[in-house]
Amino acid sequence: MGTGLYKWLDERLKLAPIRIALLDEPIPGGASWIYVFGSVTLFFFLLQMITGMFLAIYYSPSTEHAHASIRYIMDDVAFGSFIRGLHHWGASGMMVAIGLHMLQVFLYGAYKRPRELMWIVGVMLFILTLAFGFSGYLLPWDQRAYWATQVGINIVGTIPLVGDVLVRIIRGGQNLGAMTLNRFYALHTLFLPWLVMGLIGLHLFILRRVGPAGPWDEARAAQRSEPFWPKQVAMDAVAIGIAFILVVGLAVASPAPLADPANPSDTTFRPRPEWYFLFYYQLLKYLEGPWEVVGTLILPILFFSALFLLPWLDRRKERRPASRPAVLSAGAGFLLIVFTLLTISIREVASLPKQDPSVLRGKQLYQELDCAGCHRIHGEGGTFGPDLSYVGDVRDRDWLIRHFRDPQAVVPGSPMPAFGLNEQELNDLTNYMLTLKRQP
Ligand code: HEC
């Protein structure tokens, strides 16, 4: 199959040089499973592009509508929850893939002369991927998004001298608000994609000019080489297939979360960044007062400088890991610190008191029975009934239960319907109401 079609196209488009450029690139030492992560990263980027474009059909980047538009995607749009799940887990997948890709390049010393430029463009792509993650996290405009971004911006604000200016640039104003959401959206969907596409093009262009590094053993590399097509292409395809199945599984089994709408006045929310920023967040907890600047400025500058300058810090020709003990131990030490911090952080998060399941059920009931049609909580909902934002301060358990059982018996002439709730539902709803306080 395909040869007829290929001939037809070849006659018209002169495909031979393109085919040679794309598929016949020789791989020193032959194809290997260890080389698949670059392709997997590229796959995730394309997945994010495609799912992102579909999300943009319904998403509205305004503080009034962002949360509701995501709610709509999750509840009403056909495959909406699935597509958002793919985008959510795809972001994590891309982080994992890019991490493994960098680890492989690091281990193999593949950044060494003459591949320094490819490495530098790669580090830029890594930084832009982090920017993608940070800017995307705000877009749902829920409590998680709002408070995690607030924390991120506060970190920037502690940088001496330029902190204030940077914060104003990132936020686009005095507060984290409509301006911020708009610029994060523009960054996430316009600036970053074009930049990243350009740099990926450059990354691959350099790869095709200078060729892949191959095994660290020069003798083995020189012994034989094998073209990219078909074996390496097949291995890449299998790895991509596995990655795709994993993301689909996660998207189906565990839809992307959506917390309550962002509420700047509810400072009780405990912010938590995405897992790939957690280790850093944990590190900052240890660096207080005068040490803060070490965490927010000095260490990041040292880290990214070391990353950019790696080909010159480790400049001997030898690529064999055994002959590069200093660089390898520095890398291992760094990973050890990152994973230790990550583990501590995950432990701390897991040991936080879980929200009372009864309260969660009550919240669910509040949504199912459409109480928000008449009542308002922190600016969300109708105004026919009283505002319930702080109802826990004015009513006690007994009053609420009696009122829910039969509003007219407690407030004569009340237009609020009795919903015919059972004892447990009465209890759950009341427990939820009692959490609505100024000082929980
Ligand atoms: C048809 C509109 C309507 C709906 C739907 C409705 N309520 Fe009400 N609700 C009212 C009105 C009007 C009052 C004020 C009269 C009263 O207290 O009964 C009220 C009062 C209340 C109060 C007492 C507030 C106070 O401090 O006096 C609570 C609590 C309450 N509603 C909770 C709920 C919950 C929970 C639901 C969903 C299960 C709900 N309401 C559904 C209209 C509504």
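The values are calculated or read from the model by the stated rules, or taken from the named source; none is laboratory data. As the structure is a prediction and not an experimental result, all values here were calculated from the model. FYI the Cβ positions are ideal-geometry reconstructions off the backbone, even for glycines, and counts take in every protein chain you see. Heavy atoms of the whole protein, side chains included, go into the accessibility calculation; ligands, DNA and RNA do not. Shrake-Rupley method; radii C 1.70, N 1.55, O 1.52, S 1.80 Å.
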Name the residue that is farthest from Pro357 (Cα to Cα), counting only residues in the stretch 417-433 that are within 11 Å of the ligand (Cβ to nearest atom) and open to solvent by 40 Å² or more (accessible area, probe 1.4 Å). Pro417
Those residues of the stretch 24-37 which are within 32 Å of the chain's Cα centre (by Cα) and outside any loop (DSSP other than H, G, I, E, B), in sequence order: Trp33, Ile34, Tyr35, Phe37
Restricting to helices (runs of 4 or more DSSP H) lying wholly in the stretch 278-394: which have 3 or more residues that are away from the ligand (no atom under 16 Å from the Cβ) and of a type in the set (Phe, Trp, Tyr)? 299-313
Do the conditions hold for Gln408, that is, is it open to solvent by less than 80 Å² (accessible area, probe 1.4 Å) and either part of a helix (DSSP H, G or I) or more than 8 Å from the ligand (Cβ to nearest atom) (or both)? yes
Looking at the stretch 216-274 only, could you name the residues that are closer than 30 Å to Ser351 by Cα and among the β-branched types (Val, Ile, Thr)? Val247, Val248, Val252, Thr267, Thr268
Looking at the structure I just gave you, is Tyr35 surrounded by 16 or more Cβ atoms within 10 Å (Cβ to Cβ), among the aromatic types (Phe, Trp, Tyr) and closer than 29 Å to Lys317 by Cβ? yes
Checked against (1) surrounded by fewer than 11 Cβ atoms within 10 Å (Cβ to Cβ); (2) assigned to a loop (DSSP other than H, G, I, E, B); (3) more than 6 Å from the ligand (Cβ to nearest atom), Asp398 satisfies every condition except (2)
In the stretch 374-400, how many residues are of a type in the set (A, V, I, L, M), in contact with a Ser or Thr (Cβ under 7 Å, 6 or more places away or on another chain) and within 27 Å of Ala66 (Cβ to Cβ)? 1
Within the stretch 264-277, residues under 24 Å from Met94 (Cβ atoms) and either part of a helix (DSSP H, G or I) or not charged (D, E, K, R) (or both) come out as Pro271, Pro273, Trp275, Tyr276, Phe277
Find the residue count for the stretch 65-82, including only residues that are charged (D, E, K, R) and in contact with a Leu (Cβ under 8 Å, 6 or more places away or on another chain). 1
Looking only at residues that are open to solvent by 90 Å² or more (accessible area, probe 1.4 Å) and in a helix (DSSP H, G or I) in the stretch 1-17, which one is modelled with the lowest pLDDT? Thr3
Identify all residues within the stretch 203-261 that are small (Gly, Ala, Ser) and under 30 Å from Asp142 (Cβ atoms); write none if there are none. Ala243, Gly249, Ala251, Ala253, Ser254, Ala256, Ala259
Residues (touching a residue at least 40 places away in the same chain (Cβ under 8 Å), open to solvent by 80 Å² or more (accessible area, probe 1.4 Å) and part of a loop (DSSP other than H, G, I, E, B)) located in the stretch 143-202: Asn175
Six or more apart or on different chains, Cβ atoms under 8 Å: show the pairs whose first residue is in the stretch 63-88 and more than 19 Å from Thr189 (Cα to Cα) and whose second is part of a helix (DSSP H, G or I) and aromatic (Phe, Trp, Tyr). Tyr72/Tyr58; Val77/Tyr58
